[in-house]
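Since the structure comes first, as structure tokens, the remarks are kept for the end.
The values are calculated or read from the model by the stated rules, or taken from the named source; none is laboratory data. For clarity, every value in this text was computed on a predicted model and none was experimentally measured. Methodologically, a virtual Cβ is constructed for each residue, glycine included, from the backbone with ideal geometry; neighbour enumeration extends over all protein chains shown. SASA here: full protein model, heavy atoms, side chains in, ligands and nucleic acids out. Shrake-Rupley method; radii C 1.70, N 1.55, O 1.52, S 1.80 Å.
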Amino acid sequence: MKRKCILAIVLAAILFVCAAAGEAAQDQSEWWKRTIAYEIYVKSFKDSDGDGIGDLQGIISELDHLQSLGVGAVWLTPCYVSPQADNGYDIADYYNIDPAYGTMADMETLIAEAGKRDIRIVMDLVFNHTSCENEWFTESRSGLDNGKSDWYIWADPKENGSAPNNWRSIFGGSAWEYDETRGQYYLHTFLPEQPDLNWANPEVREALINVARFWVEKGVGGFRLDAITYIKKPAEMSDGEPDASDGTVGIHAMTANTAGILDYLREFKAAVQEGTDIFTVGEANGVSAEELPEWVGAEGVFDMVFEFSHVVIDLPDEMNWCETREWSLPDFKALFAASQEATKQVSGWYPIFLENHDQPRSINHFLPAGADRVAGGKALAALLLTMRGTPFIMEGEELGFVNVAWPSIEEYDDVSTRNHYWFAVGEGYSAEEALAGVHRFARDSSRTPMQWDNSENAGFTTGTPWLPVYEDYGTYNAAAERENPDSILNWYISLAGLRREHSELITGDYQELFHENEQIFAYIRENEKAKAVVLINFSLEPAAYDAAVLEGAELLLGTGAGEKGILAPLEAAIYEVKD
Ligand code: NOJ
Ligand code: MG
């Protein structure tokens, strides 16, 4: 009997050690599940040389800021050689850094310096298209018969000489551009300066795989795959049902997520990712929550996919910024629940985001008008940092940045914002209505320079910033917020610490509470070790709830009094339930 007992103890001990070793191995290979990601809009983060443009040396000088937030992965918007028609999303040379941002040596230093702080660099791979100044395109457009003639999507004009079909690019205007030399049109999902690559050509896929491998060898920790849902075009590229008064149809409806796209991405994953510890996150506009199981998880093509349903909750037509849609908090919660459920089905992972460089600031986007900025920024941060998945913080979000509202369209830099404005005017909206749409959705709002301190130009540059620094930098800047214990920045830092110490906030299940409640976003995060309850009041009124859910619970972190059963306006509270 005694011997049996000892045997059982020994066996249990062995099992325990194996399980712990397994967990440790998993920890290492899936480091990106346990960390916090941060998006840097390189042009706007920190300028080191006074030219008004953020750069790699600037980023190196501010790594401590990222480290204090518990960031382990930094997604850099494209910093390759580019004519900057779309701020770097038009790449002329995938193998070199744009001189405005620095050199390859700077990039190597950045990877090394970040590495010392356990931060991995994540590169943005823009593979749906290149710049029209990329030498691949220069060769392709040089005639009908050259080594790269089939590397882009070329088509003959219609009989009357017009574009091959009525597709409208995502930034407005025809998706086709005529080329004199070839006597043909080429397709561009975005700007005419961004010709689409032809992924059907295996040589193109190989060239792109080589680019990605080059960066893996440089030591990056992952990739964000830009506009990836558009890479496969349908076999038939005929006219679509018009959705605008000029007879065009948005290209998104015609090409997003075309059947067969996953074959290309499986090939990419096998060639680039296998045997490495990098992660991938795809920008997958056009993939619905129901489709997520095909994209993520062990059998999927990416580790994570940015799914957009919650950021367009108020926008029925992405081209028309003048029409908005009413939404309620239960609608918002349902969208998160759907993505959570879908990724869970395949043990997949989710990138939590409320902002990025294409989206409005979340305080304006998701909170009622008139919301207190500090309380609101904290409420949103509570969601961002406690939901299941890897949080992606957009630079400035941790300081509570809000949308800019410049008085005329000429002041906006972003080409897409300008095009949206003129599209609205073309559809018959007044200049005032079109500008109101710009104030709601302009991409410039998330691209204004980072605010480091209250010195001139917020410490972003000693020169003239490429985009104006927002006027509120005297109050909302990193230095001032670091000093203030009640700041949004310090709340982010506290939440990041909480995440590190409470594994249920990382590996725990997600279970929504009080779904019908119009004011409170609440959920349980529970793993085998612990159970946390998160409660966030999204409204400007006090919100009551049934406190039974908090029986035996202790407040871990909160923005208010933490009184059970009631939340003050915009209050966020995180409890631990002790059984
Ligand atoms: C998505 C990027 O996030 C956006 O900024 C860019 O303009 C388009 N893709 C085109 O690359
Ligand atoms: Mg600079």
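Take every Cα pair under 8 Å in segment 506-577 that's 6+ residues apart, average their separations, divide by the length, and report that relative contact order as a whole percent.
Numbers: 153 pairs, mean separation 21.3, N = 72.
Computed over segment 506-577, the figure is 30 percent.
At 7 Å along the Cα-to-beta-carbon direction for both Asp93 and Glu427, put a label point, then send me their distance in nm to one decimal.
It is 4.1 nm.
Whole-Hz Karplus ³J(HN,Hα) for segment 455-465, in order, using 6.51 cos²θ - 1.76 cosθ + 1.60 and θ = phi - 60°, x for Gly and Pro?
Couplings: 7, 4, 6, 6, x, 6, 8, 9, x, 9, x Hz.
Quick one: dipole size for the chain, taken about the Cα centre, charges +1 on Lys/Arg Cβ and -1 on Asp/Glu Cβ, in debye to the nearest 20. Intermediate results must be reported in sequence, preceding the final value.
Numbers: 42 positive and 95 negative charges, 474 e Å.
So the dipole magnitude of the chain works out to roughly 2280 debye.
Ignoring GluC sites (Glu not before Pro) that are buried or in helix or strand per DSSP, and keeping those with at most 10 other beta carbon atoms within 10 Å, what is the longest stretch of the chain between them? Mind dumping the intermediate values first?
Working: sites that count: Glu159, Glu180, Glu236, Glu274, Glu326, Glu516, Glu528, Glu551.
Counting at most 10 other Cβ atoms within 10 Å as exposed, the longest clean stretch of the chain is 327-515.
Taking the Cα atoms only, what angle lies between the long axis of helix 202-218 and the longest principal axis of the chain, rounded to 10 degrees?
Orientation of helix 202-218: about 50 degrees from the principal axis.
For segment 145-161, what does the Karplus curve 6.51 cos²θ - 1.76 cosθ + 1.60, with θ = phi - 60°, yield as ³J(HN,Hα) per residue in whole Hz, taken in order and with x for Gly and Pro?
For segment 145-161, the Karplus curve yields 10, 8, x, 10, 4, 9, 7, 10, 9, 9, 8, 6, x, 5, 4, 7, x Hz.
What does the accessible area per residue of segment 405-472 come to in Å², with a 1.4 Å probe and no ligands, DNA or RNA counted? Please list the in-between numbers first.
Working: 2900 Å² over 68 residues.
With all protein chains present, segment 405-472 gives 43 Å² per residue.
For segment 180-194, take each phi angle, set θ = phi - 60°, evaluate the Karplus expression 6.51 cos²θ - 1.76 cosθ + 1.60, and give the result in whole Hz per residue in order, putting x for glycine and proline.
Result, ordered by residue: 4, 4, 7, x, 9, 9, 10, 8, 9, 5, 10, 6, x, 6, 10 Hz.
When the dipole is taken about the Cα centre of segment 376-456, and only Lys, Arg (+1) and Asp, Glu (-1) are charged at their Cβ, what size is it in debye, to the nearest 20?
Numbers: 6 positive and 13 negative charges, 96 e Å.
My answer is approximately 460 debye.
Enumerate the amide H contacts of Ile566 below 5 Å, restricted to partners 5 or more residues apart or on another chain; note that Pro and chain-start residues carry no placed amide H.
Excluding prolines and chain starts, which carry no amide H, the hits are Tyr545.
Name the residue farthest towards the positive end of the dipole of the chain from the options Thr138, Tyr350, Ala212, assuming +1 on Cβ of Lys and Arg, -1 on Cβ of Asp and Glu, about the Cα centre.
Projecting each Cα onto the dipole axis, the largest value belongs to Tyr350.
Give the shape of the chain as rounded, prolate or oblate, defined through the alpha-carbon gyration tensor: a ≥ b ≥ c are the square roots of its eigenvalues, a/c under 1.5 means rounded, and otherwise the shape is prolate if a/b is larger than b/c and oblate if not.
Details: a/c = 1.60, a/b = 1.35, b/c = 1.18.
Prolate shape, in that a/c is at least 1.5 and a/b is the bigger ratio.
Please give the per residue accessible area of segment 506-577, computed with a probe of 1.4 Å over protein heavy atoms only, in Å². Kindly include the intermediate steps, with their values, before the conclusion.
Values: 3050 Å² over 72 residues.
Accessible area per residue, segment 506-577: 42 Å².
What residues qualify as long-range amide H neighbours of Glu193, i.e. H under 5 Å apart, gap of 5 or more or another chain, H built at 1.01 Å from N?
none
If you roll a 1.4 Å probe over the chain with all protein chains in place, what percent of the accessible area is carbon or sulfur?
Numbers: 11410 of 22600 Å².
Accessible surface attributable to carbon and sulfur in the chain totals 50 percent.
Could you tell me the calculated FRET efficiency between Thr462 and Val346, based on Cβ-Cβ distance and R0 = 35 angstrom, to the nearest 0.05? All intermediate terms of the calculation are to be shown ahead of the outcome.
Working: r = 50 Å, r/R0 = 1.42.
E(calc), rounded to 0.05, equals 0.10.
Cα centroids of segment 367-445 and segment 190-249: how far apart, whole angstrom?
26 Å
Can you tell me what percent of all Cα-Cα pairs in segment 506-577 are more than 14 Å apart?
On the way: 1403 of 2556 pairs.
That tail contains 55 percent of the Cα-Cα pairs.
To the nearest 10 degrees, how steep is helix 431-441 against the longest Cα principal axis of the chain, on a 0 to 90 scale?
With rounding to tens, the tilt is 50 degrees.
Provide, for q = 0.18 Å⁻¹, the log10 of I(q)/I(0) from a solvent-free Debye sum over equal Cα point scatterers in segment 359-470.
Results for segment 359-470 at q = 0.18 Å⁻¹ read -0.98.
For segment 49-167, what class follows from the C-alpha gyration tensor (a ≥ b ≥ c being the square roots of its eigenvalues): rounded when a/c is under 1.5, otherwise prolate if a/b is larger than b/c, else oblate? Intermediate results must be reported in sequence, preceding the final value.
Details: a/c = 2.92, a/b = 2.64, b/c = 1.11.
Prolate is the answer for segment 49-167, as a/c is 1.5 or above and a/b outweighs b/c.
Using modelled backbone amide H atoms (1.01 Å from N, in-plane), which distant-in-sequence or interchain residues come within less than 5 Å of Phe279's amide H?
Result for Phe279 returns Gly222, Phe223.
What does the charge dipole of segment 506-577 about its Cα centre add up to, to the nearest 20 debye, if the Cβ of each Lys and Arg holds +1 and the Cβ of each Asp and Glu holds -1?
Values: 4 positive and 13 negative charges, 41 e Å.
So the dipole magnitude of segment 506-577 works out to roughly 200 debye.
Taking the 0 to 90 degree range and rounding to the nearest ten, how far is the long axis of helix 2-29 tilted relative to the main principal axis of the chain, both from C-alpha atoms?
30 degrees
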